[in-house]
Amino acid sequence: MGRFFINCDEASILSTREQYGDLNPKEAFRHKLHQGHCIRCRSFHKNNERFQRKLRGLKWVTLSDSQKDSIKKRIAASMKK
């Protein structure tokens, strides 16, 4: 029988993975069990969810290959100075 209780480091990894829907039922149970008694990990999870919502709300731009090349050249030129 595997262990049910996890430490905070493991819980933070599971919290992040949960944001992407990447937990199996056993991991989800362990994560919820840990959050039930650890206020720091509950806070981390809430902040992580808030961050993910903000990221999803951003308007992303797509650069063409020529724009990317131009940016790379300008960065390289400024680093030579």
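Numbers for the structure displayed
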read-out	value
Where a residue in region 11-33 is among the small types (Gly, Ala, Ser) and its partner, wherever it lies, is not in a helix (DSSP H, G or I), with Cβ under 7 Å and at least six apart	Ala11/Cys38
Failed item, numbered, when Asp22 is tested on (1) loosely packed, with under 15 Cβ neighbours inside 10 Å; (2) part of a helix (DSSP H, G or I); (3) under 18 Å from the mean Cα position of the chain (by Cα)	(2)
Hits in region 44-71 (condition: modelled with pLDDT of 95 or more and within 24 Å of Arg3 (Cα to Cα))	none
Near pairs, Cβ below 9 angstrom, 6+ apart or cross-chain, from region 52-66 (surrounded by 10 or more Cβ atoms within 10 Å (Cβ to Cβ)) to any residue that is outside any helix (DSSP H, G or I)	Gln52/Tyr20
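The values are calculated or read from the model by the stated rules, or taken from the named source; none is laboratory data. Owing to the predicted nature of the structure, the values given are computational and were not obtained by experimental measurement. Ideal geometry is used to build each Cβ from the backbone, glycine not excepted, and the neighbour counts take in all protein chains shown.
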